[in-house]
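Read through the structure below, which is laid out as structure tokens, and then see the notes.
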Amino acid sequence: MHASSVTELLFQQLNFRGERQKVISSNIANIDTPEYKTKNLKFKDTLQKTKEESNLQLAQTHSQHMALSFSDNKSDFEVYEVKGLVEQNDGNNVNLDAQMSEMSKNNVMFSAIQSSIKKDSAWFKTMIDASSKN
């Protein structure tokens, strides 16, 4: 459910961060698997496409009503093998330090997006409360 395209972008980014955590965890879990190649998740193209299609206006079905809906774009995430990494003798190219760093960055971004969603929801609630007083 979203009040505006900004809210939808936040939820899409939150979904991406959750999926990215799964990919990073999979990389770490396969650190000793021979011939395993480091995977990553692509979302930037989806975010750009969504921004281009949207003018960040409130979605309305009627001049007196707001449309509240949310579309899940998990299928737009693309998992790909990271090229050009140093391989070990067994053909595995997972670097534990790099993956732990990526996991930490992803966690910080996840927390920031959660905070943004809470703030956006609070503003929306304030707007609804103010309009009910009139």
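Express in % the proportion of alpha carbon pairs of region 95-134 at distances exceeding 13 Å. The partial results should precede the final answer.
Numbers: 497 of 780 pairs.
Here the tail beyond 13 Å accounts for 64 percent of pairs.
Under a plain spin-label model, where a point goes 7 Å from the Cα along Cα-to-Cβ, how far apart in nm are Tyr80 and Ser111?
3.0 nm
Can you tell me the FRET efficiency between Lys119 and Ala29 if r is taken as the Cβ-Cβ distance and R0 is 41 Å, rounded to the nearest 0.05? Mind showing how you got there, number by number?
Numbers: r = 34 Å, r/R0 = 0.84.
For R0 = 41 Å, the calculated efficiency reads 0.75.
No value in this document is a laboratory result; all are computed from the given coordinates. On a predicted model such as this, the values are computed, not experimentally measured, just so you know. Note that each Cβ is placed from the backbone with ideal geometry, even for glycine, and that neighbours are counted across all protein chains shown.
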